[in-house]
Structures are given as C-alpha cells and as structure tokens.
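Taking it in order: structure first as structure tokens, then the write-up.
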Amino acid sequence: MLDLSILRVTSRLGRGCRMSFTFFLWCSVFALFACEVERRKSDIELGLNPQQISGRHIYDQYCDRCHSAYSSKDRKGPPLKGVFKHQYLSVSGMPANDDRVSDIVRMGRNKMEGFSQVLTQYQINDLLAYLHTL
C-alpha cells in the first residue's frame, strides 16, 4: 500500500522532482538503518529494582553530562561502563568498591566537583546500586 501511494505522488511530479523525492526517500531509509545511536533501554528492560531506578535518575541528572554509562566513549570524565567489574578504577587506580566511589561522589576528585552538598548518603547509595548494573 505504501508503494502505491509513493508511485501516485511521484507520477504527478516532474522528472527533476521525482529524482529529488527518490533521493530524499533513500536518504531517509538510510538514516533509519545506518544510525549508530542505540535506543535507550527502559528500567524494566534493564531489570532494575526500585533502588537502582532511583540511582539511574540521579545518574541522569548529575553524572551523565560528564560520564557515559553504556559506552566506552569519553566525555569530560571517564566512562562508567563496568566500573565495578574491575578491581581498580581506571583513572585513579584506587580500589573499585562502594567506599572509594562514594568518597569520590561526595568529595570530588581532580576536575570532578563533589556532591556532598547536593546528594544525601541515601541518594549516593541509590547511585552506587545503579552503577553496579553498568
């Protein structure tokens, strides 16, 4: 049905317009399939519990602008994908555990500002729960 409607539209256009329309159509199709941006998965698709969901929202609000979550692409700060899957943090070499990461979130480190005036320890715990899912 879509093919017939396209044929009806293009049959009414002049040759130059048909070529432009065809080019536009192919570019649109190519853009849909060639795009490297992956759709963001929902909390349910990721299997997050309520604490992790809260942590994800905190992450989105405060961390995402400098740290990528699901890719290894660098932003201002190091990517956090798999942060707890390694024994040591990639940049500082400190142990990759809740205590060290919590300290960094609260007090900051190098160019990262601390969030002790912004986030409660409860919110930091939620954030840590989410970071463990990356």
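What pairs come out if I take residues in the range 44-70 that are closer than 19 Å to S90 by Cβ and pair them with residues that are open to solvent by 20 Å² or more (accessible area, probe 1.4 Å) whose C-beta lies under 6 Å away, six or more apart or interchain?
Final answer for the pair search is C66/R75; C66/K76; H67/L80; S68/R75; S68/P79; A69/L80; Y70/K81.
Mind listing whichever residues of the range 96-119 are of a type in the set (S, T, Y) and open to solvent by 60 Å² or more (accessible area, probe 1.4 Å)?
Matches in the range 96-119: S116 only.
Condition first: at pLDDT 80 or above, open to solvent by less than 40 Å² (accessible area, probe 1.4 Å) and not β-branched (V, I, T). Now tell me which residues in the range 55-73 satisfy that.
G55, R56, Y59, C63, C66, H67, listed by residue number.
Listed here are the residues, each with its yes/no results for (1) acidic (D, E); (2) at positive phi; (3) in a loop (DSSP other than H, G, I, E, B).
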{"site": "L48", "(1), (2), (3)": "no, no, yes"}
{"site": "I58", "(1), (2), (3)": "no, no, no"}
{"site": "C66", "(1), (2), (3)": "no, no, yes"}
{"site": "P78", "(1), (2), (3)": "no, no, yes"}
{"site": "G82", "(1), (2), (3)": "no, yes, yes"}
{"site": "H86", "(1), (2), (3)": "no, no, yes"}
{"site": "G114", "(1), (2), (3)": "no, no, yes"}
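Taking the options V83, V37, name whichever one is at pLDDT below 85 and under 20 Å from the mean Cα position of the chain (by Cα).
Every option except V37 fails the conditions.
The values are calculated or read from the model by the stated rules, or taken from the named source; none is laboratory data. Since the structure is predicted, the reported quantities are computational estimates derived from the model, not experimental observations. In this analysis, Cβ positions are derived from the backbone assuming ideal geometry, glycine residues included, and neighbour counts consider all displayed protein chains. Ligands, DNA and RNA are excluded from the accessible area calculation, which covers all protein heavy atoms including side chains. Shrake-Rupley method; radii C 1.70, N 1.55, O 1.52, S 1.80 Å.
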